[in-house]
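The values are calculated or read from the model by the stated rules, or taken from the named source; none is laboratory data. Keep in mind that what you see is a predicted model, and the values were worked out from it rather than measured. Using ideal geometry, Cβ is built from the backbone for each residue, glycine included, and neighbour counts are taken over all protein chains shown. Surface areas here come from the heavy atoms of the whole protein model, side chains and all, with no ligands, DNA or RNA. Shrake-Rupley method; radii C 1.70, N 1.55, O 1.52, S 1.80 Å.
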Amino acid sequence: MKIKKIIAPTMQQAIEKVKQELGSDAVIFHTKKVSTGHFFNLFKKENIEVLAASDPDTESAFKTVPKYSDNRRREVSPPPAFHQDVREDPLFSGPDYIKKMRRLIIGQGMIAEHADQILKILVKKWYQSNEQLGQDQLNRLFQLELVRLLNPERFKRPQVADQMMMLVGPTGVGKTTTLAKLAGQAALEGVEKMVLITADTFRIAAINQLRTYGEIIDIPVEVAYSAEDFQTLIEKYSDYDRVFIDTAGRNYQNETYIRDIGHLIDTHSRIRPYLVLSATAKYEDMDALMTKFNPLHADRMIITKIDETKTYGGMISALLNHPRKHLTYVTNGQEVPEDLQAPDIHTLINRMLGDC
């Protein structure tokens, strides 16, 4: 094994020297910044010190380090996994702000896989700029990359309203209140023929709550006590402009619950299920819920209680994990219908970053 220490003004120049002296198959296993100076160090200059080896076996000893070949770009970027703490990564010599941002977004609930995927790109761009990118520029690049990954097209209210909207999801996320907000908004928009149907016969309070909302908005409220009742009501109101359907909140791990809702949806092709989740849920629960409700083809989502949490990273990671889900509404209070809003991708990211 041949080991060589290289010192150069920039990382790009250091890698070029490594390739010239050790070949394109060389492995870099340590980098650090060093200062050189003369006349009692009054005139200092920062350089990059690289420790590299040319022995093929070195790669197995340093598994986190990628090899460089002629068909790859020459900028140093963190290893593909990049899961370990940035402070311990031997290849990480980026600005302290990147480390600060990583701590913040992981503290916000974003999983390390997603955080490191974006930060790896930032470090690469920082090197490409000859280490000239500042905090504001890196912050902006982070936001742009996250917007790209999330895809702004997924954060829009449907251009054409669904005639029949069914809200599904776990207990306690606010489906009944959200249904009233949707009906109230439709009333403000001039929709006349509307009905509220609830299949939630487990909670008498939910039925009474919906009836109260119906009286305020001045639209009928119907209760389906069985699958047969539900089928009859769907046929009765099939010519209405809007049919808003509430369902019981149950343990999402109950396979029967998902199957029963699926049977209700199958009764009419125009029923569109909307998955309702709470912003207060952990990433693990939110991700599991999205997966569990996939058989219902609930590709549209509503996130409630956006004002009841201070952590937004888990929500963002869950959306990254399920790229086919569309976030159509968020709710941020109990007022009907004022606290129903179209989602804004930039607002969501800014909530996560805070004062970073």
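What number, in percent, do you get for the relative contact order of region 165-324 if the mean sequence gap of Cα pairs under 8 Å and at least 6 apart is divided by its residue count? Working shown, then result.
Details: 242 pairs, mean separation 47.0, N = 160.
Over region 165-324, the number comes to 29 percent.
Quick one: compute a quarter of the convex hull surface over the Cα atoms of region 299-350 and quote it in nm². If you can, show how the numbers build up before the last one.
On the way: hull surface 14.5 nm².
So the Cα hull casts an average projection of 3.6 nm².
Considering only Cα-Cα distances, which of the following residue pairs are longer than 18 Å: K5/K32; K17/K120; K193/K305?
Violating the 18 Å Cα-Cα cut-off are K17/K120; K193/K305.
Carbon-plus-sulfur fraction of the accessible area of region 236-356, 1.4 Å probe, in percent? Mind showing how you got there, number by number?
Details: 2330 of 5470 Å².
Looking at region 236-356 in its full context, I get 43 percent from C and S.
Roughly how many Å² is the accessible area per residue of region 238-356, as a whole number, for a 1.4 Å probe? Could the numbers behind the result be given before it?
Values: 5340 Å² over 119 residues.
Heavy-atom SASA per residue in region 238-356 reads 45 Å².
Using the heavy atoms of the protein chains and a 1.4 angstrom probe, tell me the accessible area per residue for region 126-180 in square angstrom. Can you show the working numbers first?
Values: 2480 Å² over 55 residues.
Value returned for region 126-180: 45 Å² of accessible area per residue.
At 1.4 Å probe size, put D116, D96 in order of accessible surface, largest to smallest.
Working: D116 0, D96 110 Å².
So, going from the largest accessible area down, we get D96, D116.
Pulled fully out, how much extra length does the chain show between T171 and D229, if you take 0.36 nm times their separation in residues and subtract their Cα-Cα distance? Numbers along the way, then the final one.
On the way: separation 58, 0.36 × 58 = 20.88 nm, distance 2.26 nm.
Full extension of this stretch gives 18.6 nm more.
For K193 and S269, what is the calculated FRET efficiency with R₀ set at 22 Å and r taken between the beta-carbons, to the nearest 0.05? Each step should come with its number before you reach the end.
Working: r = 20 Å, r/R0 = 0.89.
The formula returns an efficiency of 0.65 here.
Give me the percent of accessible area attributable to carbon and sulfur for region 112-210, probe 1.4 angstrom. Write out the running numbers ahead of the final one.
Details: 2080 of 4280 Å².
So the carbon and sulfur contribution to the accessible surface is 48 percent.
In debye, nearest 20, what is the charge dipole magnitude of region 198-303 about its Cα centre with +1 on Lys and Arg Cβ and -1 on Asp and Glu Cβ, if you could check? Mind dumping the intermediate values first?
Details: 11 positive and 17 negative charges, 44 e Å.
Using Cβ point charges on Lys, Arg, Asp and Glu, region 198-303 gives about 220 debye.
Using a 7 Å offset from the Cα along the Cα-to-Cβ direction at both E21 and N139, what is the distance between the two label points in nm, to one decimal?
Result: 4.0 nm between the two label points.
With each label point set 7 Å from Cα along the Cα-Cβ vector, what nm distance links N130 and N350?
3.5
Just check region 123-272 against the gyration tensor rule for me: Cα atoms, a ≥ b ≥ c as the square roots of the eigenvalues, rounded for a/c under 1.5, and otherwise prolate or oblate depending on whether a/b exceeds b/c. Don't skip to the answer; put the middle values down first.
Numbers: a/c = 2.80, a/b = 2.23, b/c = 1.26.
Note, shape of region 123-272 comes out prolate.
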